[in-house]
1. For the stretch A:1-27, how many residues meet the condition of being on the phi < 0 side of the Ramachandran plot, among the small types (G, A, S), in contact (Cβ under 8 Å) with a residue 60 or more places away in the chain and assigned to a loop (DSSP other than H, G, I, E, B)?
2. If the Cβ limit is 7 Å and pairs must be 6+ apart or interchain, which residue in the stretch A:236-249 that is touching a residue at least 40 places away in the same chain (Cβ under 8 Å) pairs with which residue that is surrounded by fewer than 14 Cβ atoms within 10 Å (Cβ to Cβ) and part of a loop (DSSP other than H, G, I, E, B)?
3. Specify which of the listed residues (A:G49, A:G56, A:G103, A:G99) is more than 24 Å from the chain's Cα centre (by Cα) and either at positive phi or outside the structural domain of A:R8 (by TED's automatic domain parsing) (or both).
4. Do any strands (runs of 3 or more DSSP E) entirely within the stretch A:28-121 hold 1 or more residues that are within 16 Å of ligand 2 (Cβ to nearest atom), and if so, which?
5. If a residue has to be within 16 Å of ligand 1 (Cβ to nearest atom) and of a type outside the set (A, V, I, L, M) to count, how many in the stretch A:16-73 make the cut?
6. Suppose the filter is under 23 Å from the mean Cα position of the chain (by Cα) and within 16 Å of ligand 2 (Cβ to nearest atom); does A:G214 pass it?
7. Considering each residue of the stretch A:133-159, count those that are away from chain B (no Cβ under 12 Å), part of a helix (DSSP H, G or I) and away from ligand 2 (no atom under 16 Å from the Cβ), and give that number.
8. Return the only residue of B:W391, B:W352 being in the same structural domain as B:V220 (by TED's automatic domain parsing), surrounded by fewer than 16 Cβ atoms within 10 Å (Cβ to Cβ) and more than 23 Å from B:P213 (Cβ to Cβ).
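The values are calculated or read from the model by the stated rules, or taken from the named source; none is laboratory data. Owing to the predicted nature of the structure, the values given are computational and were not obtained by experimental measurement. When we count neighbours, we look across all protein chains shown, and the Cβ atoms used for this are built from the backbone with ideal geometry, even at glycine.
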Amino acid sequence: MIQVERLRKLYGALVAVENASFEVRAGEIFGLLGPNGAGKTTTIGCISGLLRPDAGSVRVNGHDVGADGFEARRSLGIVPQEIALYEELSAVENLEYWGGLYGLRGRELKERSREVLELTGLAERATEPVKGFSGGMKRRLNLACGLVHEPRVLLLDEPTVGVDPQSRVRLLEVIREQARAGACVLYTTHYMEEAETLCDRIGVMDHGRIIAQGTLAELRAMLGERDMLRLTGRFAPAAARRLLAENGGVEVVQAEESVLLCAVSDAPRRLPGLLSALAESGMEIRDVTLTQPSLESLFIKLTGKELRE
Amino acid sequence: MGALLVSLRKELRRYRRDPLGLAAWIGIPVVLAVLLFLLFGRGSPTPHGRVLVADQDDSFFSRMLAGAYSQGPMAEMLAVEAVTAEEGRRRMDRGEAAALVIIPEGFGKSFLDRAPARVEIVTNPAQSIVPRIVVEATAAMLDAAGYFQEAFGEDLESLPRGEAPSDAQVAAMAVAVNHTVRQAAKYFDPPLIDVETSAGEDESTDWGALFFPGLLYMAVLLAAGGMSYDIWREKQMGTLPRAASSPGSVTALLGGKLAAAVAVFLALGAAGVVGGAALLGLDARRPVLAVVWIGFSGGALYLLSMLLQVHASSYRSAAIGNNLAVMLLALVGGSFFPFELMPAWMAGIGMWTPNGWALLELRRLLSGGGDPMAALRAFALVLGVGLVCWWICVRRLRRAFLR
Ligand SMILES: Nc1ncnc2c1ncn2[C@@H]1O[C@H](COP(=O)(O)OP(=O)(O)OP(=O)(O)O)[C@@H](O)[C@H]1O
Ligand SMILES: [Mg+2]
């Protein structure tokens with residue numbers, strides 16, 4: 001349903017997306033996970049036809065976005081990262097407008113508007129002007145406006161930012177519902193947990209490149225069975241690197257004066273030895289964190305930095 | 001088409017929800033119009049006035065002169081009332097009439113004797129058009145009487161005093177009256193009065209006709225600028241890119257905005273023409289065509305203004321550029337001062353500004369003048385300009401404005 005091939009997008013000299021390829025099928029939720037500035041919104045812009053790629057091709061529902069934009073846009077539902085609503089209009093009026101643009105009319109439009117308002121928990125505020133809504137409520141309406149016409153392809157750009165935990169659970173359920181009904185969902189986020197719990201497959205993006213993609217299980221396998229050990233304190237990077245490397249089963253990811261990061265297999269058994277080795281060589285350890293294999297640790301392994309910096 | 005209607009409805013709803021912006025654009029010219037109305041009162045291109053006639057002679061000839069004021073085109077403007085000289089003077093002092101005509105005793109006799117005949121006219125200094133008509137018409141009639149005297153002097157002499165004139169004499173008088181009316185006619189032709197009165201400073205001016213269409217276009221300009229600036233608001237709100245990713249793309253959005261703008265201009269034009277006619281006595285010979293013209297030319301001004309918006313580098317420069325353009329165009333294009341009151345060089349430029357040109361066309365339509373072909377050409381030109389602007393705006397919105 002969405003096919004992105006060797007996508008490249010430049011802003012002047014800045015490479016925002018480089019050689020990105022992925023595919024999202026019907027009924028599937030594909031997560032695009034990456035830190036700020038990774039190129040997620042730019043990728044979505046190229047899929048929605050808002051941005052013109054510098055290279056590569058994008059097809060939506062079989063239609064090339066560049067050559068056959070109208071047909072491609074018809075199957076799309078978009079929830080932009082920025083809240084894009086008319087604040088002076090009511091929730092219903094916003095829904096009627098956005099639904100109307102996609103060809104919904106009359107009874108059907110009214111019914112669908114009511115449905116998505118129920119889904120997003122806004123039914124009670126339906127006729128109030130949006131400018132009186134809280135930030136989270138606007139977010140929910142922003143999502144509702146992208147769902148109202150029951151699109152076959154959904155592009156969701158961080159749709160749950162600023163939404164309270166209960167509402168978020170509800171929204172994620174709504175999105176899962178769409179996929180179950182056969183929609184193809186592209187979901188960008190920098191929330192690890194969200195990607196882990198929501199997405200069937202995940203593409204990890206950094207500096208415009210998709211550095212890894214696959215199901216959660218596949219990605220976990222890339223890490224091996226190793227845990228991620230994070231130490232803060234005062235270290236001598238070169239010496240620490242050497243010391244840790246002497247221990248089998250430890251891979252140093254990052255060694256700096258204040259932080260040491262390494263992937264460790266069978267960490268609970270090895271940990272005491274590692275710590276005492278470091279302490280004996282005069283380095284100071286203040287804090288120790290051991291993380292189970294997760295997207296976060298994968299991201300750290302792949303990029304050498306944490307996702308949320 | 002459907003997406004355009006959806007977009008139009010959205011736009012009209014937004015204006016209904018937030019009418020303050022619209023009210024300000026239309027309010028400024030309305031306030032100016034009210035001020036003008038209070039300052040200059042009701043002006044009308046067809047003047048009306050009361051004329052008091054005191055016929056102290058009561059001869060055949062004096063009665064003819066007195067009756068002449070209520071004949072032909074003058075009958076439409078002048079309400080003639082017979083009074084005694086004393087009553088007439090009293091009422092003039094109270095400002096109840098535009099002019100008092102006193103035909104002195106012996107008028108008919110001196111006429112027959114070919115001696116100079118005197119008629120006294122007292123005019124109301126507070127009024128200017130009607131008293132002038134009375135003075136000019138009286139002079140013209142006395143002129144005609146002189147011609148009559150010359151042509152029929154012999155007959156007149158042979159006319160038995162106090163008897164009814166012969167058929168030939170009546171016919172001759174009819175010719176003379178006809179001549180009078182024709183001579184006087186130039187003062188009754190509204191366009192001529194318009195030209196004469198608006199040319200000079202101390203002559204009477206029809207303020208309504210002069211200022212009102214300009215004020216209407218000021219409202220159109222302000223509204224066009226304000227409504228087109230909304231494209232920047234839509235960009236900032238994110239609704240423009242969101243709509244651009246819908247099947248209708250930017251054309252649906254822009255089309256809806258244009259349609260809403262034209263609807264506003266049509267409403268504005270209708271209210272303006274009806275209100276102007278009712279309050280200021282504005283002449284509106286082709287009201288429907290005039291309203292359509294306001295909507296049509298307003299749409300083109302909106303697109304011209306949109307052209308400016310989508311080429312601005314930021315919303316700040318768009319706002320500044322917009323205000324500057326509106327003020328300049330309103331000033332030069334005859335919205336603050338009518339072309340008639342401008343220095344010639346400025347009027348020469350102003351008439352070729354888009355709004356100035358549209359304003360002149362509106363005045364032509366309101367006065368009922370101008371040939372239909374010219375009006376058709378004007379409509380075609382506006383359509384052409386509008387289409388070109390539309391095309392450039394859509395291209396620009398797609399290519400650069402959104403990115
Ligand atoms: N209109 C633009 N002009 C120039 N550079 C841009 C523009 N939009 C984005 N960029 C740059 O492109 C890169 C990718 O930006 P993008 O918005 O796609 O990131 P993102 O992954 O969506 O980030 P975030 O999580 O913060 O939303 C960034 O370096 C950004 O500075
Ligand atoms: Mg983004």
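1. Qualifying residue count for the region: 1.
2. Within 7 Å, the pairs are A:A239/A:S281.
3. The match here is A:G103.
4. A:29-33, A:76-79
5. 22
6. For A:G214, the condition - under 23 Å from the mean Cα position of the chain (by Cα) and within 16 Å of ligand 2 (Cβ to nearest atom) - is not met.
7. Counting residues in the stretch A:133-159 that are away from chain B (no Cβ under 12 Å), part of a helix (DSSP H, G or I) and away from ligand 2 (no atom under 16 Å from the Cβ) gives 7.
8. B:W391
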